[in-house]
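Report on one structure; see the data block that follows.
The values are calculated or read from the model by the stated rules, or taken from the named source; none is laboratory data. Here the structure is a predicted model, which means the values were calculated and not measured. Methodologically, a virtual Cβ is constructed for each residue, glycine included, from the backbone with ideal geometry; neighbour enumeration extends over all protein chains shown. Calculation scope for accessible area: heavy atoms of the full protein, side chains included, ligands and nucleic acids excluded. Shrake-Rupley method; radii C 1.70, N 1.55, O 1.52, S 1.80 Å.
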Amino acid sequence: EENPVKRAAEQPVSTFSIDVDTGSYANVRRFLNSGRLPPRDAVRVEELINYFDYDYPLPDGRQPPFRVSTELAPTPWNPKTLLMAVGIKGYELPKTKLPPANLVFLIDVSGSMEAPDKLDLLKPALKLLVRQLRPEDKVAIAVYAGAAGMVLEPTAGGQKSKIEAALDRLSAGGSTNGGAGIQLAYNLAREGFVKDGVNRVIVATDGDFNVGTVNFEALKNLVETQRKSGIALTTLGFGTGNYNDRLMEQLADAGNGNYAYIDTLQEANKVLVEQMSATLLTIAKDVKIQIEFNPARVEEYRLIGYENRVLRREDFNNDAVDAGDIGAGHTVTALYEIALKGSGGNLTEPLRYGQAAVTDSAARGDEIAFLRLRYKQPNSDVSQLQEWPIRRDQIVKDWKETSERFRFAAAVAGFGQLLRGGRYTTAFGYDDVLALARGARGDDPFGYRGEFLTLVSLARSLDPGKVSEQGQAIR
(Lines give C-alpha, C1' and ligand atoms only; values in the text may rest on other atoms or scores of the structure.)
Protein backbone atom coordinates (compact mmCIF):
# COMPACT_ATOMS: atom_id res chain seq x y z
CA GLU A 1 0.00 0.00 0.00
CA GLU A 2 1.14 3.55 -0.70
CA ASN A 3 2.17 5.66 2.27
CA PRO A 4 -0.94 7.40 3.64
CA VAL A 5 -1.50 11.08 4.27
CA LYS A 6 -0.68 11.95 7.90
CA ARG A 7 -1.70 14.93 9.98
CA ALA A 8 1.30 16.75 11.44
CA ALA A 9 -0.59 17.51 14.67
CA GLU A 10 -1.12 13.78 15.29
CA GLN A 11 2.00 12.17 13.78
CA PRO A 12 4.62 14.88 13.24
CA VAL A 13 7.59 12.54 12.77
CA SER A 14 8.42 10.52 9.63
CA THR A 15 11.35 8.06 9.68
CA PHE A 16 12.71 5.89 6.88
CA SER A 17 15.81 4.18 5.53
CA ILE A 18 17.35 5.55 2.33
CA ASP A 19 17.35 3.35 -0.79
CA VAL A 20 19.76 3.32 -3.74
CA ASP A 21 18.30 0.28 -5.51
CA THR A 22 17.24 0.78 -9.13
CA GLY A 23 15.87 -2.67 -9.97
CA SER A 24 12.24 -1.60 -10.08
CA TYR A 25 12.88 0.92 -12.88
CA ALA A 26 14.52 -1.62 -15.17
CA ASN A 27 11.82 -4.17 -14.33
CA VAL A 28 9.09 -1.62 -15.18
CA ARG A 29 10.92 -0.92 -18.44
CA ARG A 30 10.89 -4.63 -19.24
CA PHE A 31 7.11 -4.83 -18.77
CA LEU A 32 6.45 -1.73 -20.87
CA ASN A 33 8.76 -2.82 -23.68
CA SER A 34 6.93 -6.17 -23.78
CA GLY A 35 3.62 -4.33 -24.29
CA ARG A 36 2.23 -4.65 -20.75
CA LEU A 37 1.68 -2.27 -17.87
CA PRO A 38 3.65 -3.45 -14.82
CA PRO A 39 1.80 -4.87 -11.81
CA ARG A 40 1.38 -2.09 -9.24
CA ASP A 41 3.49 -3.91 -6.63
CA ALA A 42 6.40 -4.03 -9.10
CA VAL A 43 6.48 -0.20 -9.12
CA ARG A 44 8.57 1.12 -6.23
CA VAL A 45 8.47 4.85 -6.88
CA GLU A 46 11.69 5.64 -4.99
CA GLU A 47 13.62 3.20 -7.22
CA LEU A 48 12.25 4.92 -10.31
CA ILE A 49 13.34 8.31 -8.98
CA ASN A 50 16.76 7.07 -7.88
CA TYR A 51 17.47 5.41 -11.22
CA PHE A 52 18.55 8.83 -12.44
CA ASP A 53 21.56 10.86 -11.44
CA TYR A 54 20.87 14.40 -10.22
CA ASP A 55 23.42 17.20 -10.11
CA TYR A 56 23.24 17.81 -6.37
CA PRO A 57 26.20 19.75 -4.98
CA LEU A 58 29.13 17.55 -4.00
CA PRO A 59 30.38 17.44 -0.40
CA ASP A 60 33.42 19.59 0.35
CA GLY A 61 35.43 16.54 1.43
CA ARG A 62 35.03 13.00 2.68
CA GLN A 63 33.83 13.92 6.17
CA PRO A 64 30.91 13.87 6.13
CA PRO A 65 30.89 11.58 3.08
CA PHE A 66 27.86 13.25 1.47
CA ARG A 67 26.03 16.54 1.19
CA VAL A 68 22.31 17.12 1.75
CA SER A 69 20.20 19.56 -0.33
CA THR A 70 16.52 20.52 0.06
CA GLU A 71 14.08 22.24 -2.29
CA LEU A 72 10.39 23.20 -1.95
CA ALA A 73 7.87 24.37 -4.55
CA PRO A 74 4.22 23.89 -5.49
CA THR A 75 3.38 20.29 -6.41
CA PRO A 76 2.91 19.86 -10.19
CA TRP A 77 -0.19 17.69 -9.71
CA ASN A 78 -1.73 19.80 -6.92
CA PRO A 79 -1.02 23.54 -6.70
CA LYS A 80 -2.54 23.64 -3.20
CA THR A 81 0.29 21.52 -1.80
CA LEU A 82 4.09 21.74 -1.74
CA LEU A 83 6.59 19.17 -2.96
CA MET A 84 9.65 18.93 -0.73
CA ALA A 85 12.75 17.24 -2.13
CA VAL A 86 15.58 15.94 0.05
CA GLY A 87 18.67 15.11 -2.02
CA ILE A 88 21.85 13.35 -0.89
CA LYS A 89 25.05 13.28 -2.93
CA GLY A 90 27.98 11.04 -1.96
CA TYR A 91 31.56 12.03 -2.65
CA GLU A 92 32.87 10.75 -5.96
CA LEU A 93 35.82 8.43 -6.43
CA PRO A 94 37.16 7.41 -9.87
CA LYS A 95 37.16 3.63 -10.31
CA THR A 96 40.92 3.77 -10.79
CA LYS A 97 41.20 5.04 -7.20
CA LEU A 98 39.03 2.31 -5.63
CA PRO A 99 40.72 0.27 -2.90
CA PRO A 100 41.65 -3.33 -3.85
CA ALA A 101 38.56 -5.44 -4.50
CA ASN A 102 37.84 -8.99 -3.32
CA LEU A 103 34.82 -10.08 -5.38
CA VAL A 104 32.94 -13.36 -5.50
CA PHE A 105 30.55 -13.90 -8.41
CA LEU A 106 27.80 -16.27 -7.30
CA ILE A 107 26.04 -17.42 -10.44
CA ASP A 108 22.79 -19.35 -10.75
CA VAL A 109 23.24 -22.14 -13.33
CA SER A 110 19.98 -23.95 -12.61
CA GLY A 111 17.63 -25.03 -15.38
CA SER A 112 15.50 -21.90 -15.05
CA MET A 113 18.49 -19.80 -16.17
CA GLU A 114 18.59 -21.39 -19.64
CA ALA A 115 17.22 -18.47 -21.64
CA PRO A 116 18.65 -15.68 -23.83
CA ASP A 117 17.76 -13.02 -21.22
CA LYS A 118 19.30 -15.00 -18.36
CA LEU A 119 22.60 -16.90 -18.53
CA ASP A 120 23.31 -15.76 -22.09
CA LEU A 121 23.00 -12.12 -20.96
CA LEU A 122 24.67 -12.70 -17.59
CA LYS A 123 28.00 -13.81 -19.09
CA PRO A 124 28.72 -10.70 -21.21
CA ALA A 125 27.33 -8.52 -18.41
CA LEU A 126 29.86 -9.79 -15.88
CA LYS A 127 32.63 -9.61 -18.50
CA LEU A 128 32.03 -5.85 -18.64
CA LEU A 129 32.95 -5.67 -14.95
CA VAL A 130 35.91 -8.04 -15.35
CA ARG A 131 37.41 -5.73 -17.98
CA GLN A 132 37.44 -2.88 -15.44
CA LEU A 133 39.45 -4.84 -12.87
CA ARG A 134 43.09 -4.14 -12.01
CA PRO A 135 45.90 -6.57 -11.12
CA GLU A 136 45.42 -5.80 -7.40
CA ASP A 137 41.77 -6.91 -7.58
CA LYS A 138 40.73 -10.55 -7.40
CA VAL A 139 37.67 -12.55 -8.41
CA ALA A 140 36.39 -15.98 -7.46
CA ILE A 141 33.42 -17.62 -9.19
CA ALA A 142 30.98 -19.96 -7.48
CA VAL A 143 27.89 -21.52 -9.00
CA TYR A 144 24.81 -23.19 -7.64
CA ALA A 145 22.12 -25.42 -9.03
CA GLY A 146 21.16 -28.58 -7.13
CA ALA A 147 24.47 -28.19 -5.30
CA ALA A 148 27.01 -25.38 -4.97
CA GLY A 149 30.60 -25.42 -6.14
CA MET A 150 33.60 -23.25 -6.96
CA VAL A 151 34.49 -22.98 -10.66
CA LEU A 152 37.27 -20.38 -10.34
CA GLU A 153 39.60 -19.96 -7.39
CA PRO A 154 40.47 -16.36 -6.38
CA THR A 155 42.16 -14.96 -9.49
CA ALA A 156 43.96 -11.64 -10.00
CA GLY A 157 42.05 -9.06 -12.01
CA GLY A 158 44.90 -8.89 -14.50
CA GLN A 159 44.15 -12.45 -15.67
CA LYS A 160 41.08 -11.40 -17.63
CA SER A 161 41.20 -14.20 -20.21
CA LYS A 162 41.21 -16.84 -17.45
CA ILE A 163 38.21 -15.24 -15.70
CA GLU A 164 36.27 -14.80 -18.94
CA ALA A 165 37.00 -18.42 -19.97
CA ALA A 166 35.51 -19.60 -16.67
CA LEU A 167 32.37 -17.58 -17.40
CA ASP A 168 32.16 -18.98 -20.93
CA ARG A 169 32.17 -22.57 -19.61
CA LEU A 170 29.00 -22.08 -17.57
CA SER A 171 25.85 -23.89 -18.67
CA ALA A 172 22.39 -24.22 -17.11
CA GLY A 173 20.68 -27.33 -15.71
CA GLY A 174 19.08 -28.66 -12.51
CA SER A 175 17.11 -27.17 -9.63
CA THR A 176 18.11 -24.15 -7.55
CA ASN A 177 19.71 -24.40 -4.11
CA GLY A 178 20.36 -20.71 -3.52
CA GLY A 179 20.98 -20.92 0.21
CA ALA A 180 23.92 -23.33 -0.20
CA GLY A 181 25.39 -21.06 -2.87
CA ILE A 182 25.19 -18.00 -0.64
CA GLN A 183 26.98 -19.87 2.17
CA LEU A 184 29.78 -20.92 -0.19
CA ALA A 185 30.17 -17.43 -1.64
CA TYR A 186 30.55 -15.83 1.77
CA ASN A 187 33.08 -18.50 2.78
CA LEU A 188 35.15 -17.66 -0.32
CA ALA A 189 34.87 -13.94 0.36
CA ARG A 190 36.02 -14.41 3.96
CA GLU A 191 39.02 -16.47 2.83
CA GLY A 192 40.12 -13.67 0.52
CA PHE A 193 39.09 -10.79 2.79
CA VAL A 194 40.98 -7.56 2.10
CA LYS A 195 41.30 -5.23 5.08
CA ASP A 196 40.14 -1.70 4.14
CA GLY A 197 39.26 -3.00 0.68
CA VAL A 198 36.08 -3.79 -1.25
CA ASN A 199 34.71 -7.15 -0.10
CA ARG A 200 31.54 -8.08 -1.93
CA VAL A 201 29.50 -11.04 -3.12
CA ILE A 202 27.67 -10.41 -6.41
CA VAL A 203 24.72 -12.75 -6.88
CA ALA A 204 23.41 -13.13 -10.45
CA THR A 205 20.12 -15.05 -10.65
CA ASP A 206 16.42 -14.99 -11.48
CA GLY A 207 15.74 -15.62 -7.78
CA ASP A 208 13.87 -18.86 -8.38
CA PHE A 209 15.24 -20.73 -5.35
CA ASN A 210 13.37 -24.03 -5.18
CA VAL A 211 15.45 -26.49 -3.13
CA GLY A 212 17.47 -26.21 0.09
CA THR A 213 16.76 -23.01 2.00
CA VAL A 214 13.73 -21.65 0.15
CA ASN A 215 11.90 -19.83 2.96
CA PHE A 216 12.01 -16.10 2.27
CA GLU A 217 12.72 -15.02 5.86
CA ALA A 218 15.29 -17.79 6.35
CA LEU A 219 17.24 -16.58 3.31
CA LYS A 220 17.12 -12.99 4.60
CA ASN A 221 18.28 -14.12 8.05
CA LEU A 222 21.16 -16.02 6.45
CA VAL A 223 22.33 -12.88 4.63
CA GLU A 224 21.81 -10.63 7.69
CA THR A 225 24.05 -12.95 9.73
CA GLN A 226 26.76 -12.95 7.06
CA ARG A 227 26.89 -9.16 6.63
CA LYS A 228 28.43 -8.82 10.10
CA SER A 229 31.68 -10.11 8.57
CA GLY A 230 32.08 -6.86 6.62
CA ILE A 231 31.18 -8.46 3.29
CA ALA A 232 28.41 -6.75 1.29
CA LEU A 233 25.95 -8.43 -1.06
CA THR A 234 24.88 -7.07 -4.45
CA THR A 235 22.06 -8.78 -6.35
CA LEU A 236 21.76 -8.67 -10.13
CA GLY A 237 18.41 -9.92 -11.40
CA PHE A 238 17.91 -11.51 -14.82
CA GLY A 239 15.05 -12.84 -16.87
CA THR A 240 11.30 -13.08 -17.08
CA GLY A 241 8.57 -15.58 -16.24
CA ASN A 242 9.55 -16.91 -12.83
CA TYR A 243 11.56 -13.82 -11.89
CA ASN A 244 11.49 -13.03 -8.14
CA ASP A 245 11.85 -9.25 -7.85
CA ARG A 246 10.89 -9.06 -4.17
CA LEU A 247 13.48 -11.62 -3.10
CA MET A 248 16.26 -9.90 -5.06
CA GLU A 249 15.51 -6.50 -3.53
CA GLN A 250 15.13 -7.78 0.02
CA LEU A 251 18.30 -9.91 -0.07
CA ALA A 252 20.37 -6.91 -1.18
CA ASP A 253 18.82 -4.78 1.57
CA ALA A 254 19.62 -7.44 4.16
CA GLY A 255 23.17 -7.78 2.83
CA ASN A 256 24.14 -4.07 3.05
CA GLY A 257 24.26 -3.96 -0.74
CA ASN A 258 22.29 -2.81 -3.75
CA TYR A 259 19.94 -4.40 -6.25
CA ALA A 260 19.79 -3.88 -9.99
CA TYR A 261 17.73 -5.64 -12.64
CA ILE A 262 19.69 -6.35 -15.83
CA ASP A 263 17.36 -6.47 -18.83
CA THR A 264 19.91 -5.35 -21.43
CA LEU A 265 23.67 -5.15 -21.86
CA GLN A 266 23.28 -1.37 -21.74
CA GLU A 267 21.86 -1.66 -18.22
CA ALA A 268 24.78 -3.90 -17.24
CA ASN A 269 27.15 -1.23 -18.56
CA LYS A 270 25.37 1.45 -16.49
CA VAL A 271 25.51 -0.53 -13.25
CA LEU A 272 28.87 -2.29 -13.58
CA VAL A 273 30.96 0.18 -15.61
CA GLU A 274 29.60 3.73 -15.47
CA GLN A 275 28.51 3.39 -11.82
CA MET A 276 31.18 0.88 -10.77
CA SER A 277 32.40 2.97 -7.81
CA ALA A 278 28.87 3.44 -6.47
CA THR A 279 28.04 -0.24 -6.96
CA LEU A 280 31.17 -1.57 -5.26
CA LEU A 281 32.38 0.96 -2.67
CA THR A 282 30.19 1.81 0.33
CA ILE A 283 31.01 5.26 1.79
CA ALA A 284 28.22 5.44 4.40
CA LYS A 285 26.07 2.69 5.85
CA ASP A 286 22.80 2.47 7.77
CA VAL A 287 21.67 5.88 6.53
CA LYS A 288 18.37 6.96 8.09
CA ILE A 289 16.29 10.09 7.58
CA GLN A 290 13.88 11.52 10.13
CA ILE A 291 11.76 14.58 9.45
CA GLU A 292 9.74 16.30 12.14
CA PHE A 293 7.02 18.54 10.68
CA ASN A 294 6.00 21.69 12.50
CA PRO A 295 2.24 21.30 13.19
CA ALA A 296 1.89 25.08 13.51
CA ARG A 297 2.80 25.37 9.81
CA VAL A 298 2.05 21.97 8.28
CA GLU A 299 -1.43 20.46 8.13
CA GLU A 300 -0.57 17.18 6.39
CA TYR A 301 2.30 15.36 4.73
CA ARG A 302 2.88 12.23 2.67
CA LEU A 303 6.12 10.40 1.88
CA ILE A 304 6.18 9.38 -1.78
CA GLY A 305 7.53 5.84 -2.12
CA TYR A 306 9.87 4.10 0.37
CA GLU A 307 6.92 2.00 1.60
CA ASN A 308 9.11 -0.96 2.53
CA ARG A 309 11.77 1.35 4.01
CA VAL A 310 9.60 3.02 6.66
CA LEU A 311 11.06 2.74 10.17
CA ARG A 312 9.59 3.19 13.62
CA ARG A 313 10.38 6.49 15.26
CA GLU A 314 12.56 4.83 17.90
CA ASP A 315 14.57 3.01 15.20
CA PHE A 316 16.24 6.27 14.22
CA ASN A 317 18.45 6.41 17.33
CA ASN A 318 18.91 2.63 17.57
CA ASP A 319 22.22 1.72 15.95
CA ALA A 320 21.25 -1.96 15.95
CA VAL A 321 18.56 -1.28 13.31
CA ASP A 322 19.78 -1.81 9.76
CA ALA A 323 19.20 0.81 7.05
CA GLY A 324 20.36 1.64 3.52
CA ASP A 325 23.89 2.27 2.33
CA ILE A 326 25.37 4.90 0.00
CA GLY A 327 28.09 4.17 -2.53
CA ALA A 328 30.70 6.57 -3.89
CA GLY A 329 29.00 9.11 -6.15
CA HIS A 330 25.49 7.87 -5.41
CA THR A 331 22.58 10.30 -5.38
CA VAL A 332 19.49 9.63 -3.26
CA THR A 333 16.25 11.58 -3.56
CA ALA A 334 13.19 11.53 -1.31
CA LEU A 335 10.01 13.52 -1.94
CA TYR A 336 7.25 14.61 0.44
CA GLU A 337 3.96 16.19 -0.54
CA ILE A 338 3.00 18.76 2.12
CA ALA A 339 -0.20 20.72 2.79
CA LEU A 340 0.53 23.92 4.70
CA LYS A 341 -1.95 25.37 7.19
CA GLY A 342 -4.66 27.33 5.38
CA SER A 343 -3.60 26.15 1.91
CA GLY A 344 -6.77 24.17 1.28
CA GLY A 345 -4.67 21.20 0.21
CA ASN A 346 -5.53 18.95 3.15
CA LEU A 347 -7.40 15.68 2.57
CA THR A 348 -8.37 14.93 6.18
CA GLU A 349 -10.25 16.73 8.93
CA PRO A 350 -8.60 17.69 12.22
CA LEU A 351 -9.56 15.79 15.35
CA ARG A 352 -12.44 17.40 17.20
CA TYR A 353 -10.83 16.59 20.52
CA GLY A 354 -7.20 16.81 19.44
CA GLN A 355 -4.78 19.05 21.31
CA ALA A 356 -4.11 22.29 19.45
CA ALA A 357 -0.54 22.57 18.17
CA VAL A 358 1.68 24.45 20.58
CA THR A 359 4.64 26.29 19.15
CA ASP A 360 7.14 28.90 20.15
CA SER A 361 6.37 31.18 17.21
CA ALA A 362 9.30 33.46 17.94
CA ALA A 363 11.84 30.64 17.74
CA ARG A 364 10.18 28.16 15.39
CA GLY A 365 7.59 30.14 13.42
CA ASP A 366 9.62 30.21 10.20
CA GLU A 367 10.34 26.46 10.25
CA ILE A 368 8.28 24.02 8.20
CA ALA A 369 10.21 20.98 9.35
CA PHE A 370 13.39 19.75 10.98
CA LEU A 371 15.53 17.23 9.10
CA ARG A 372 17.72 14.73 10.93
CA LEU A 373 20.04 12.25 9.27
CA ARG A 374 22.02 9.40 10.85
CA TYR A 375 24.78 7.40 9.20
CA LYS A 376 27.75 5.21 10.09
CA GLN A 377 31.21 5.16 8.62
CA PRO A 378 31.73 1.87 6.70
CA ASN A 379 33.99 0.47 9.41
CA SER A 380 32.02 1.77 12.41
CA ASP A 381 29.01 0.53 14.39
CA VAL A 382 28.29 3.92 15.97
CA SER A 383 26.16 6.41 14.03
CA GLN A 384 26.73 10.12 13.56
CA LEU A 385 23.95 12.71 13.54
CA GLN A 386 23.39 15.69 11.25
CA GLU A 387 20.51 18.18 11.55
CA TRP A 388 19.03 21.03 9.48
CA PRO A 389 15.89 23.18 9.78
CA ILE A 390 13.74 23.60 6.65
CA ARG A 391 12.32 27.13 6.55
CA ARG A 392 9.44 28.89 4.79
CA ASP A 393 11.81 31.22 2.95
CA GLN A 394 13.13 28.19 1.03
CA ILE A 395 9.81 27.84 -0.82
CA VAL A 396 10.02 28.68 -4.52
CA LYS A 397 6.65 30.21 -5.39
CA ASP A 398 6.54 28.94 -9.00
CA TRP A 399 7.63 25.37 -9.75
CA LYS A 400 8.87 26.61 -13.16
CA GLU A 401 11.60 28.48 -11.27
CA THR A 402 12.90 25.35 -9.57
CA SER A 403 16.02 23.40 -10.60
CA GLU A 404 15.98 20.92 -13.48
CA ARG A 405 16.68 18.11 -11.02
CA PHE A 406 13.63 19.02 -8.93
CA ARG A 407 11.33 19.10 -11.95
CA PHE A 408 12.66 15.87 -13.44
CA ALA A 409 12.41 14.02 -10.10
CA ALA A 410 8.82 15.33 -9.77
CA ALA A 411 8.03 14.02 -13.28
CA VAL A 412 9.39 10.57 -12.44
CA ALA A 413 7.47 10.55 -9.14
CA GLY A 414 4.29 11.49 -10.99
CA PHE A 415 4.88 8.69 -13.50
CA GLY A 416 5.46 6.11 -10.78
CA GLN A 417 2.29 7.14 -8.98
CA LEU A 418 0.27 6.91 -12.22
CA LEU A 419 1.56 3.36 -12.75
CA ARG A 420 0.37 2.57 -9.23
CA GLY A 421 -3.11 3.89 -9.97
CA GLY A 422 -2.75 7.66 -9.45
CA ARG A 423 -4.45 7.77 -6.07
CA TYR A 424 -3.08 11.21 -5.17
CA THR A 425 -2.30 12.73 -8.57
CA THR A 426 -5.79 14.15 -9.36
CA ALA A 427 -6.07 15.16 -13.06
CA PHE A 428 -2.32 14.85 -13.68
CA GLY A 429 -1.75 12.43 -16.57
CA TYR A 430 0.96 11.04 -18.82
CA ASP A 431 0.95 14.14 -21.02
CA ASP A 432 1.70 16.23 -17.93
CA VAL A 433 4.58 13.91 -17.04
CA LEU A 434 5.95 14.28 -20.58
CA ALA A 435 5.67 18.09 -20.53
CA LEU A 436 7.38 18.32 -17.14
CA ALA A 437 10.16 15.85 -18.03
CA ARG A 438 10.86 17.38 -21.46
CA GLY A 439 11.31 20.79 -19.89
CA ALA A 440 13.77 19.35 -17.34
CA ARG A 441 15.66 16.87 -19.50
CA GLY A 442 18.86 18.92 -19.27
CA ASP A 443 22.21 17.31 -20.03
CA ASP A 444 21.54 13.67 -20.94
CA PRO A 445 24.90 12.18 -22.00
CA PHE A 446 23.79 8.54 -21.84
CA GLY A 447 20.23 9.03 -23.06
CA TYR A 448 18.54 7.74 -19.90
CA ARG A 449 16.16 10.69 -19.65
CA GLY A 450 15.30 10.42 -23.32
CA GLU A 451 14.50 6.75 -22.78
CA PHE A 452 12.25 7.76 -19.86
CA LEU A 453 10.19 9.93 -22.22
CA THR A 454 9.79 6.93 -24.54
CA LEU A 455 8.59 4.76 -21.65
CA VAL A 456 6.04 7.38 -20.55
CA SER A 457 4.68 7.51 -24.10
CA LEU A 458 4.46 3.71 -24.14
CA ALA A 459 2.59 3.66 -20.83
CA ARG A 460 0.19 6.31 -22.11
CA SER A 461 -0.65 4.07 -25.06
CA LEU A 462 -1.06 0.99 -22.86
CA ASP A 463 -3.11 2.56 -20.06
CA PRO A 464 -6.77 3.01 -21.03
CA GLY A 465 -7.52 4.79 -17.77
CA LYS A 466 -5.15 7.72 -18.30
CA VAL A 467 -5.62 8.73 -21.92
CA SER A 468 -4.30 12.20 -22.77
CA GLU A 469 -5.11 14.89 -20.21
CA GLN A 470 -3.56 17.56 -22.51
CA GLY A 471 -1.32 19.01 -19.86
CA GLN A 472 -4.09 20.75 -17.99
CA ALA A 473 -2.76 20.09 -14.49
CA ILE A 474 0.56 21.88 -14.95
CA ARG A 475 -0.23 24.60 -17.48
Pairwise label distance in nanometres, TYR448 with LYS397, each label 7 Å out on the Cα-Cβ vector: 3.5
Accessible solvent surface per residue of the chain, calculated while the other protein chains remain in place, 1.4 angstrom probe, Å²: 40
Distance in nm between pseudo-label sites at PHE193 and ARG246 (7 Å out along the Cβ direction from Cα): 3.4
Derived scalar couplings ³J(HN,Hα) [the range 100-109; Karplus, 6.51 cos²θ - 1.76 cosθ + 1.60; whole Hz; x for Gly, Pro]: x, 10, 10, 10, 10, 7, 10, 10, 7, 10
Shape of the range 22-93, Cα gyration tensor, a/c cut at 1.5: oblate
Cα long-axis angle, helix 404-419 against the chain (0 to 90 degrees, to the nearest 10): 80
Cβ crowding within 10 Å averaged over residues, with 35-46, 242-253 ranked highest first: 242-253, 35-46
Degrees between helix 119-130 axis and first principal axis of the chain (Cα, 0 to 90, nearest 10): 90
Dipole of the chain, positive end: most advanced residue of ILE390, GLN159, GLY421 [Cβ charges, Cα centre]: ILE390
Span from the the range 79-145 Cα centroid across to the the range 1-65 one, whole angstrom: 20
Spin-label zone in the range 258-276 - amide nitrogen under 18 Å from a point set 7 Å from the Cα of ARG36 along the C-beta vector: 261-264
Tilt relative to the chain, helix 216-227 - C-alpha long axis, 0 to 90 degrees, to 10: 80
Selected from ALA147, THR225, ILE262, residue furthest toward positive end of dipole (the chain; charges at beta carbon): ILE262
Dipole moment magnitude, nearest 20 debye, the chain about Cα centre, only Lys, Arg, Asp, Glu C-beta charged: 380
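Express the carbon and sulfur contribution to the solvent-accessible surface of the range 1-148 as a percent, rounded to the nearest whole number, probe 1.4 angstrom. Intermediate results must be reported in sequence, preceding the final value.
Details: 2530 of 5170 Å².
Answer for the range 1-148: carbon and sulfur cover 49 percent of the accessible area.
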Computed [θ] at 222 nm, deg cm²/dmol, the chain (DSSP H ≥ 4; -39,500 (n - 2.57); rounded to nearest 500): -8000 deg cm²/dmol
Inter-probe distance in nm under a simple model that places probes 7 Å from Cα toward Cβ, at SER380 and LYS160: 3.8
Cα-based radius of gyration of the chain once divided by 2.2 N^0.38 Å, which approximates compact folds: 0.99
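Over 24 Å between Cα atoms, which of LYS162/LYS285; LYS6/LYS228; LYS228/LYS288; LYS95/LYS270 qualify?
Distance filter (> 24 Å) returns LYS162/LYS285; LYS6/LYS228.
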